[in-house]
Amino acid sequence: MSIRDVYIVDAVRTPIGKFGGALAPVRPDDLAAHVVRALVDRSPALDPARVDDVYFGDANGAGEDNRDVARMAVLLAGLPVSVPGVTVNRLCGSGLEAVIQAARAIALGDASVAIAGGVESMSRAPWVLQKPERAFPAGHQQLHSTTLGWRMTNPRMPAEWTVSLGEGAELVADKHGITREQQDAFALASHRKAAEAWAKGLHDDEVVPYPGVDLARDECIRDTTSMEALAKLKPSFRPEGGTVTAGNSSPLNDGAAALLLVDEDGLQETGREPLARIRTSAVTGIEPQLFGLGPVEAVRRALGKAGRSFADLTTFELNEAFAAQSLGCLAEWPELDPAIVNPRGGAVAIGHPLGASGARLAGSVAHQLAAAGSGTGLAALCIGVGQGLALVLER
């Protein structure tokens, strides 16, 4: 059996909304449907009935994104009912996992045309109430927020594994001696790069604003922030001696992203030039509390499988869950030129809608490679509970 080449024809995303912000009134299944519809509309030569499957990442799934949000997006987007959809969950890596699974299906000949993406509305993530172990309990019951992080944790899990995500970032800072000032400087650079990219129109090819919502640009970018402003913020997770703050962490967000993936036959049907070709991927595990370093080995494995090195990279989109986490990964890749990392800004500024982020990163790499005309790009994320995921693209 021959392995088919897999091409990314197009990639779109919504502007990323802040928690409780402009996209908060929009259901996650509607966000997902919007990017699916926009993606199909941008390839008018392609019959939507030719889409073999739709893969969507979603990290929460506890609210309006329940019941297979990928299939709901297909129906709400007005695609033929014959088009199926599957939702995947690898927490923060869910959107990239969707791209990888769709690419794998095409490579093996199980599909010719597929849509892959991700969605998250952290604003609309519900509170959940566990069923009592016995009927009619007399005591109070606890509501759990599903917005982010551990909840309803299995007591068999070792306590050192189940620390908060922010404390995990502090542990990475401890491990690599990363200072508060270094984290704030990283965060400031992220905001400046994102603002500059928007000013230059570099995000215009991929961003599709949601109809009826007054949001044309990522909502969390702070054009006027400074080292002085960031230094005034208190540590969020370690009151005494902590270095991780709201200013050097990714915010809570809402958004969706989607990519159109095809083989050679599908490429001819679209009549379009591909943005990039998918080369390899890799996933790895690490101690849950050190989740922020998850990409370290995943990236090395993906590059090795592709026969590439850090020196071959044109661009590298590394999800900025926390500045400390990103700096920790960079410290373990001394061969990598940090100047090519997140050239258009990262998640500290743009935002991190969990299930959508991986698809946003892959789409951004594809658009950057298309703009460059050639090269090798890489998208990678750390993942809560200790995983790393990486994807290599080429043009």
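One table, with the values for the structure above:
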read-out	value
Matching entry among Ala321, Ala306, Ala246 (being open to solvent by 20 Å² or more (accessible area, probe 1.4 Å), touching a Ser or Thr at 6+ places or on another chain (Cβ under 6 Å) and aliphatic (A, V, I, L, M))	Ala246
Hey, Gly85 touching a helix residue (DSSP H, G or I) at 6+ places or on another chain (Cβ under 7 Å), open to solvent by less than 10 Å² (accessible area, probe 1.4 Å) and within 20 Å of Asp10 (Cβ to Cβ) or not	no
Residue check, Asp184 over 24 Å from Ser43 (Cα atoms), of a type in the set (Asp, Glu) and either modelled with pLDDT of 95 or more or more than 18 Å from the chain's Cα centre (by Cα) (or both)	yes
Lone unmet requirement of (1) within 20 Å of Ala185 (Cβ to Cβ); (2) in contact (Cβ under 8 Å) with a residue 40 or more places away in the chain; (3) open to solvent by 10 Å² or more (accessible area, probe 1.4 Å); (4) not basic (Lys, Arg) for Leu354	(1)
Qualifying positions in the range 229-261 - closer than 30 Å to Val113 by Cβ and without any contact (Cβ under 8 Å) to a residue 40 or more places away in the chain	none
All positions within the range 43-65 that are open to solvent by 10 Å² or more (accessible area, probe 1.4 Å), over 19 Å from Asp254 (Cα atoms) and touching a residue at least 40 places away in the same chain (Cβ under 8 Å)	Ala45, Leu46, Asp47, Arg50, Asp52, Asp53
Test: residue in the range 129-140 that is touching a strand residue (DSSP E or B) at 6+ places or on another chain (Cβ under 9 Å), within 25 Å of Ala323 (Cβ to Cβ) and not small (Gly, Ala, Ser)	no
Qualifying residue in the range 357-376 (condition: modelled with pLDDT of 95 or more, in contact with a Lys or Arg (Cβ under 8 Å, 6 or more places away or on another chain) and assigned to a strand (DSSP E or B))	yes
Residues satisfying the stated conditions in the range 104-145, i.e. under 19 Å from Leu393 (Cα atoms) and in contact with a Lys or Arg (Cβ under 9 Å, 6 or more places away or on another chain)	Ile106, Ala107, Leu108, Ser112, Val113, Gly117, Gly118
Qualifying residue in the range 79-93 (condition: out of contact with any Ser or Thr (no Cβ under 7 Å at 6 or more places or on another chain), without any contact (Cβ under 8 Å) to a residue 24 or more places away in the chain and basic (Lys, Arg))	no
Complete set of residues in the range 179-210 that are acidic (Asp, Glu), open to solvent by less than 50 Å² (accessible area, probe 1.4 Å) and in a loop (DSSP other than H, G, I, E, B)	Glu206
Any chance Ala231 is at pLDDT 95 or above, within 30 Å of Ala371 (Cβ to Cβ) and not acidic (Asp, Glu)	no
Elements of type strands (runs of 3 or more DSSP E) contained in the range 70-178, each with 3 or more residues being among the β-branched types (Val, Ile, Thr)	85-88, 113-121
Residue, most open to solvent (accessible area, probe 1.4 Å), within the range 276-294, restricted to residues that are of a type in the set (A, V, I, L, M) and either within 28 Å of Ile3 (Cα to Cα) or at pLDDT below 95 (or both)	Val283
Residue that is nearest to Gly377 (Cα to Cα), among those in the range 304-318 that are charged (D, E, K, R) and assigned to a helix (DSSP H, G or I)	Asp312
Options Val348, Val283; residue that is among the hydrophobic types (A, V, I, L, M, F, W, C) and assigned to a strand (DSSP E or B)	Val283
Considering residues of the range 1-55 that are assigned to a strand (DSSP E or B) and within 16 Å of Leu215 (Cα to Cα) only, the residue nearest to the chain's Cα centre (by Cα)	Arg13
Ala32 being among the aliphatic types (A, V, I, L, M) and open to solvent by less than 20 Å² (accessible area, probe 1.4 Å)	yes
Exclusive hit being of a type in the set (S, T, N, Q) and over 21 Å from Leu327 (Cα atoms), set Ser145, Ser164	Ser145
Condition broken by Glu219, with the remaining ones in (1) open to solvent by less than 50 Å² (accessible area, probe 1.4 Å); (2) touching a residue at least 24 places away in the same chain (Cβ under 8 Å); (3) under 24 Å from Ala359 (Cβ atoms) satisfied	(1)
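The values are calculated or read from the model by the stated rules, or taken from the named source; none is laboratory data. Remember, predicted model here, so these are calculated numbers, not experimental data. When we count neighbours, we look across all protein chains shown, and the Cβ atoms used for this are built from the backbone with ideal geometry, even at glycine. Remember, those area values only see protein heavy atoms, side chains included, never the ligands or the DNA or RNA. Shrake-Rupley method; radii C 1.70, N 1.55, O 1.52, S 1.80 Å.
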